[in-house]
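Notes follow once the structure below has been shown.
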Amino acid sequence: MSTIPPRIGMDRFVDAEWMELAASVVRGESDWKDLHAQLAADIPGPQVQRKAAGILNRMWFPEDTVGRGLTIDAAMLVHNSKPGSRTAAFVAVAIGAYPYFREVVETVGRLLRLQETCSAGEVHRRMFELHGKRATIDQATSYAFKTMVSWGMVQRQPDRRLCHAAPLKLIPEAKRLLDLAANRSRHSVTPLQATDPLLFAFNKG
């Protein structure tokens, strides 16, 4: 019996600077034209620019009421300017829109809770186990690593292994936002525990 492959969606690198600009659009401080101009300056080729814009749009401008409320709260957290709050906001809107990104973060989090570093291959193998060995899975997972580095969640060592970045402070407002986003993504109703792999990059503030 055949099954429909999961929709990956977030299969491009998403720079922290683009996320900050998108958050400012949500707050009404910038315009979509500013964001598109930044993407045009950073990304070669209109097709890839459109793809990146579509990913940002889905994260920051969801169609449902709950999602819109979450992104407004996230945009205000980004305005907080503290690194932990900013990253928590980015993760919240990303996992709310793209469950695949949540799965990559969870896999990296589990591995880094068990060992000091992990290889890209270890994460790729797990994602292949979950979704099949396909080029889109390989590409999306690689871009997720790059995105996590940009957002301050992990670092790349000289040998390209992933390791912990400096721990990020998780204030109560940011924790509440991650709880809401994780429950929305996982279809659950319980708050995240301190040992949850989604929280591997954070220290409770």
Check: Residues in the stretch 108-127: is at least one in contact with a Ser or Thr (Cβ under 7 Å, 6 or more places away or on another chain), closer than 14 Å to Leu198 by Cα and open to solvent by less than 50 Å² (accessible area, probe 1.4 Å)?
Finding: no
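Residue-by-condition table, conditions (1) of a type outside the set (A, V, I, L, M, F, W, C); (2) loosely packed, with under 12 Cβ neighbours inside 10 Å; (3) at pLDDT below 95; (4) assigned to a helix (DSSP H, G or I):
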position	(1), (2), (3), (4)
Gly28	yes, yes, no, no
Leu35	no, no, no, yes
Ala41	no, yes, no, yes
Ala53	no, no, no, yes
Val66	no, yes, yes, yes
Leu70	no, no, no, yes
Ala75	no, no, no, yes
Notebook entry, point to check: Of the residues in the stretch 142-179, how many are basic (Lys, Arg) and open to solvent by less than 10 Å² (accessible area, probe 1.4 Å)?
Noted result: 0
Next item on the list: Would you check if Glu103 is acidic (Asp, Glu), under 18 Å from Leu198 (Cα atoms) and in contact with a strand residue (DSSP E or B) (Cβ under 9 Å, 6 or more places away or on another chain)?
Entry: no
Note to self: Out of everything in the stretch 79-135 that is of a type in the set (Phe, Trp, Tyr), assigned to a helix (DSSP H, G or I) and under 17 Å from the mean Cα position of the chain (by Cα), what residue ends up being farthest from Glu173 (Cα to Cα)?
What the structure shows: Tyr100
Check: Out of curiosity, is Asp138 assigned to a helix (DSSP H, G or I) and in contact with a His (Cβ under 7 Å, 6 or more places away or on another chain)?
Finding: yes
Check: Among the residues of the stretch 129-184, which ones are of a type in the set (A, V, I, L, M, F, W, C), within 14 Å of Asp11 (Cα to Cα) and out of contact with any Asp or Glu (no Cβ under 7 Å at 6 or more places or on another chain)?
Finding: Ala135, Ile137, Ala144, Phe145, Met148
Check: Can you tell me which residues in the stretch 187-205 are modelled with pLDDT under 95 and either within 18 Å of the chain's Cα centre (by Cα) or open to solvent by less than 20 Å² (accessible area, probe 1.4 Å) (or both)?
Finding: His187, Asn203
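The values are calculated or read from the model by the stated rules, or taken from the named source; none is laboratory data. The structure presented is a predicted model; accordingly, all values stated were derived computationally and were not measured. FYI the Cβ positions are ideal-geometry reconstructions off the backbone, even for glycines, and counts take in every protein chain you see. Areas reflect the complete protein model, heavy atoms only, side chains present, ligands, DNA and RNA absent. Shrake-Rupley method; radii C 1.70, N 1.55, O 1.52, S 1.80 Å.
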